[in-house]
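To keep things clear, I will list the structure first and then write my remarks on it.
The values are calculated or read from the model by the stated rules, or taken from the named source; none is laboratory data. As the structure is a prediction and not an experimental result, all values here were calculated from the model. Calculation scope for accessible area: heavy atoms of the full protein, side chains included, ligands and nucleic acids excluded. Shrake-Rupley method; radii C 1.70, N 1.55, O 1.52, S 1.80 Å.
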Amino acid sequence: MTRPDQSVPDVFDPRIYATGLPHDAFRELRDHHPVARQEEYEVLGWPAGSGFWAVTRHTDVVRVLKDAGTFSSHLGATQIRDPDPADLPFIRRMMLNQDPSPRFAGETPSDHARLRRLVSRAFTPGRIDRFTTAARARARQLLTAARDMGPVFDLVSAVTDDYALLNLSDLLGVPESDRGLLLKWTERVIAYQDPDEPPVLGPDGRPVNPRSPAMLQEMFAYAQQLAAYKRRRPADDVMTSLAQSELSGAELEMFFFLLTVAGNDTVRSAAPGGFLTLAEHPDEQRRLRAGEVAPDSAVEELLRRHPPVLSFRRTADRDTRLAGQRIRKGDKVVVFHASANYDERVFEAPHGLDLSRSPNPHVSFGDGPHICLGAHFARLQLRVLHEEALDVLPPLTTAGPPRRLVSNFINGIKSLPLTEA
């Protein structure tokens, strides 16, 4: 899609992604404009912004993600839209929006690494084993119920939404009665561009950023209540570990936000995308069902084909060059995982599906110091879900087109009707 006032394809408009990845646009950008200026026009009620550089080749995406000294997560946070300047100090408290080296007064050199270590320690081997057993039982139960619905079922509403949400709830230790809150908060943050999730309007009639302090107060208050409960009644879950750690109250709130939103939506987006890909490639689906491909390898290829996150933003901290393009200090630089994963310079026949592809250096979980902390858990859940599906479900094909999320951030699928092939 090319806007009349641009000489390069537009990959900013969230509405583009409602019909799938814009492969033709990405290919043109990779081939001719690997670091391309994009207009940030007003769309879906959200105000115009200053514009950004779209980075679409795999090599350049990896460079930006790894070079935190040049391309900062902290300066302007990690969303394309600039946050309200008054909200930026608040947003910077989240680990995702910090850099490995200090940039601001009060930030110690070890803040980012310290926070990552704290969360990593919460995922003990025993906890992982118990989580795997519970996820497998849940996958089998949901898949069996979906199969028994009749010849056609919606994988998203019948299986993957609940699978991701209930797994996350168990991991965090959220009581069953409160689990709907996690879904509400995730939808508010992730689906804010989608017309099915109308934005909250401020006094000026403009949409309120769902990551602003005002919009997160309910979630943060709940996080503090849950942490206090876990201190009184500790259990074998991640929130107990975080509540008993040296995290400050503000850090705990931000971790709860990150784990709730990212932990839920990574699997929630990737799982239906993988099943859709298999349904569209019956030969590879047969290979997987015949045991000719290892599930771990299949999951990696399905993640390459359907990355849960479409893009992430950085801000240049110094003048530099990227793929020959001059980038000035303060410029927004947005990497497109969804383009990098299809770069012909790295992946042979990238638009084909090869479940045994090796090597498979996709960037679906990022790279560098901000590589996804939950990547191991996401892979585990996806592998378990596909293993159980091979045993419970027949070969599948689509029974209608998927409904996709309107978003330039999350590669979401809202419904996916499937039937026996």
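Miscellaneous remarks
- Translational D in µm²/s for the range 207-353 (Stokes-Einstein at 10 °C, 1.306 mPa s, Kirkwood Rh from C-alpha pairs): 82 µm²/s
- Close Lys-Lys pairs in the chain, where close means Cα under 25 Å and separation is 8 or more or interchain: 4
- Percentage relative contact order, the chain, counting C-alpha pairs under 8 Å, at least six apart: 25 percent
- As a length-normalised measure over Cα pairs under 8 Å and 6 or more apart, the relative contact order of the range 275-421 settles at 27 percent.
- Alpha carbon centroid spacing (whole Å) that separates the range 385-410 from the range 30-96: 30 Å
- Fraction of alpha-carbon pairs over 20 Å apart in the range 1-70 - percent: 34 percent
- Axial C-alpha extent at least 27 Å, average Kyte-Doolittle at least -0.5 - helices from the chain (DSSP): 213-232, 249-280
- Measuring nothing but how far apart in sequence close Cα pairs (under 8 Å, 6+ apart) lie, relative to its length, the range 220-362 scores a relative contact order of 20 percent.
- Computed over protein heavy atoms with a 1.4 Å probe, the accessible surface of the range 13-163 works out to 43 Å² per residue.
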